[in-house]
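Scroll down for the structure; my scribbles are underneath it.
The values are calculated or read from the model by the stated rules, or taken from the named source; none is laboratory data. Every value quoted in this text rests on a predicted model; they were computed, and no experiment measured them. All Cβ positions, even for glycine, are placed from backbone atoms using ideal geometry, and neighbour counts span all protein chains on display.
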Amino acid sequence: MAPPSQPSPVTDPASRAAALIHDAFDDYNARFSDLTRRARRRFERRDWRHAQADAVARIDLYDPCIHETLGRLEALLDDRVRSRPLWGATKRAFAARIAALPDRELDKTFFNSLARRFFRVDGVAPDLEFLALEIEPAGDPACRGELTHYPYADGGAHAAWQRILAERAFANGYADLAGSAAAIADALHARLAAHGDAGLGVELLRTVFYRERRAYLVGQARGTSQAWPLVVALVSDPQGVRADALLTEPAQLSSLFGYARSYFHADLTRVGDAVAYLQALLPAKPLDELYTVLGRAKQGKTERYRRVFGHLARHADERLQRADGERGMVMAVFTPRDCPVVFKVIRDRFAYPKQIERRVVEDRYAMVFRRDRVGRLVDAQEFRRLRFPRRQFAPELLDELLGECAQGVRVDGDDVLVAHCYVERRLRPLDRYAREAPDDAARRAVLDYGQAIKDLARSNIFPGDLLLKNFGVSGTGRALFYDYDELCLLEQCRFRHVPPVREEDETRPLDEWLYAARDDVFPELFPQFLGLPAPLREALRHAHGEIFDPAWWRQVQARLRRGEYLDVAPYPESARLG
């Protein structure tokens with residue numbers, strides 16, 4: 001009898017290339033996790049400067065890993081690296097390798113990034129890449145191994161929360177573990193009781209979520225009648241860690257995990273399971289936004305592509321049309337009628353008085369991508385080489401794109417190719433909302449606009465153009481900024497008082513007698529350009545009048561220069577614990 005054959009080593013080029021790509025993604029994932037795990041140490045040491053550096057390093061990690069892998073593939077395959085048949089065989093070998101992995105869709109997205117850069121794919125290439133429309137992350141919301149249940153047994157809620165906090169111990173300790181546990185338990189009891197419910201226990205994800213200067217425990221409270229979403233916010237003080245807030249309202253959680261927030265650092269074993277669990281807590285939240293807010297921005301892009309282009313494929317009669325709002329001088333903006341996203345394409349030339357270059361606009365969008373967005377800056381995902389069905393464009397929109405964005409938009413047969421664009425969540429422009437919404441809703445939105453300006457200032461951001469048309473209103477009523485071509489760091493601005501008007505200047509246009517250098521800002525003039533009716537303008541002045549005072553802006557600048565941290569809490573004051 002012949003001896004049993006031994007498995008032969010992998011020798012064919014496709015299998016070797018697939019193994020190399022798989023190893024490369026594992027390496028990227030390991031480096032991603034290393035940066036993610038540092039968040040705990042930064043939190044314990046209150047090392048906020050390095051925490052921000054880690055956040056930027058993790059955002060910037062993907063592209064260098066792709067470039068490294070492209071170089072290794074070229075060294076392995078030599079001149080065969082751009083062979084489409086070989087790449088198709090590599091795709092099949094790669095699919096077989098990752099078939100049993102729980103988060104295999106992340107691997108597929110990494111593979112697609114390589115294919116698209118090697119072959120500069122316009123639209124999609126089914127022979128070279130995994131089709132986004134076929135990628136269906138299948139996470140398990142039960143989160144096996146990640147979800148822990150804490151029933152209110154002997155000792156009740158106070159004892160359960162002491163156990164929860166003790167199991168999530170920090171190197172700098174708790175300032176008052178029993179006090180924090182009691183504050184959480186009592187606040188949760190009061191919230192449930194207000195709805196006629198009583199707590200039976202809680203379930204929490206084992207992994208602690210970190211972002212900026214806070215840590216979060218995420219899960220659900222089990223009541224006698226239903227389950228309630230639950231997030232506990234922890235802060236790290238010189239005296240130790242303490243519980244700062246309890247979030248149980250869906251709108252509060254939606255904002256915390258929203259598209260205007262920076263990304264969490266959460267070292268999750270199975271990302272897809274955590275996303276499925278979070279979507280069960282927040283069923284209105286799209287998968288793409290959940291993947292993105294967990295730091296998996298490329299998977300978020302894949303999911304957004306799948307959602308939007310799947311929608312267009314299912315609704316062949318849907319028109320792409322100009323987005324609501326005033327026509328932009330820098331961007332042409334269009335949207336699917338029934339899908340809440342916008343596509344923003346940079347125009348070839350900018351109308352007066354815009355005096356910036358395309359590169360500057362791109363740099364400002366990149367700056368927002370890498371900064372703390374404090375819940376006020378919409379996440380803009382950058383896409384390249386998208387292919388749309390020509391028949392779905394409204395004629396006037398297509399004429400505008402071909403006439404004014406010709407450097408990046410062209411017709412290819414029955415399709416329209418968009419070489420470069422930004423995709424954002426669609427919002428109702430604040431100027432229109434203020435005119436059309438009921439009085440109370442319009443007033444709340446305008447007051448939140450004032451708060452948004454303050455929040456951005458305290459995070460060292462000046463929007464540049466404070467016109468209401470550059471802000472939008474979210475589904476939860478928050479005012480968000482989404483037009484970044486004039487945005488800059490607050491430290492770059494010079495805030496000035498308007499000089500007294502001389503008699504001979506009273507009848508002359510403002511720009512003829514008021515000299516302004518490039519970085520000069522005159523807050524006292526803001527109200528003249530907002531276009532608000534008198535009642536809303538006066539309400540804004542009453543609540544946030546300091547934003548019209550140069551002294552307030554200079555005071556914020558001085559505090560930032562001294563290295564002060566001006567806290568912008570990601571939840572309302574009503575969520576804080578006593």
Odd one out for GLY450, checked against (1) more than 21 Å from the chain's Cα centre (by Cα); (2) modelled with pLDDT under 95; (3) small (Gly, Ala, Ser): (2)
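Taking the condition of being over 23 Å from GLU146 (Cα atoms) and out of contact with any helix residue (DSSP H, G or I) (no Cβ under 8 Å at 6 or more places or on another chain), how many residues in the range 250-271 meet it?
Taking the range 250-271 first, the residues over 23 Å from GLU146 (Cα atoms) are 251-252, 255, 259-262.
Then keep just the ones that are out of contact with any helix residue (DSSP H, G or I) (no Cβ under 8 Å at 6 or more places or on another chain); that gives 251, 255, 260.
Going through the range 250-271 one residue at a time, the tally reaches 3.
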Out of LEU514, LEU525, sole residue that is assigned by TED's automatic domain parsing to the domain that holds GLY464, more than 20 Å from VAL446 (Cα to Cα), among the hydrophobic types (A, V, I, L, M, F, W, C) and at pLDDT below 95: LEU514
Strands (runs of 3 or more DSSP E) lying entirely in the range 130-231 (those with 1 or more residues that are farther than 30 Å from TYR305 by Cβ): 147-151, 199-205, 214-223
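Restricting attention to the range 109-123, which residues are assigned to a helix (DSSP H, G or I) and in contact (Cβ under 8 Å) with a residue 40 or more places away in the chain?
First, pick out the residues of the range 109-123 that are assigned to a helix (DSSP H, G or I): 109-119.
Passing the criteria: THR109, PHE110, PHE111, ASN112, SER113, LEU114, ARG116, ARG117, PHE118.
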Given (1) assigned to a helix (DSSP H, G or I); (2) under 27 Å from the mean Cα position of the chain (by Cα), index of the condition PRO102 fails: (1)
Residue satisfying all of: in the range 452-474; assigned to a loop (DSSP other than H, G, I, E, B) and free of Cβ contacts under 8 Å to residues at least 60 places away in the same chain; surrounded by the most Cβ atoms within 10 Å (Cβ to Cβ) among these: PRO463
For LEU386: the one exception among (1) assigned to a strand (DSSP E or B); (2) under 30 Å from LEU536 (Cα atoms); (3) more than 17 Å from the chain's Cα centre (by Cα); (4) not basic (Lys, Arg): (2)
Residue within the range 264-284 that is closer than 30 Å to VAL568 by Cα, assigned to a loop (DSSP other than H, G, I, E, B) and basic (Lys, Arg) present: no
Residues of the range 274-315 classified as crowded, with 21+ Cβ neighbours inside 10 Å, without any contact (Cβ under 8 Å) to a residue 60 or more places away in the chain and either closer than 16 Å to LEU205 by Cα or out of contact with any helix residue (DSSP H, G or I) (no Cβ under 9 Å at 6 or more places or on another chain) (or both), total: 2
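Can you tell me which residue in the range 391-409 is nearest to SER113 (Cα to Cα), limited to those that are of a type outside the set (A, V, I, L, M) and surrounded by fewer than 15 Cβ atoms within 10 Å (Cβ to Cβ)?
It comes out as GLN407.
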Matching residues in the range 316-352 - criterion: being without any contact (Cβ under 8 Å) to a residue 24 or more places away in the chain and part of a strand (DSSP E or B): VAL333
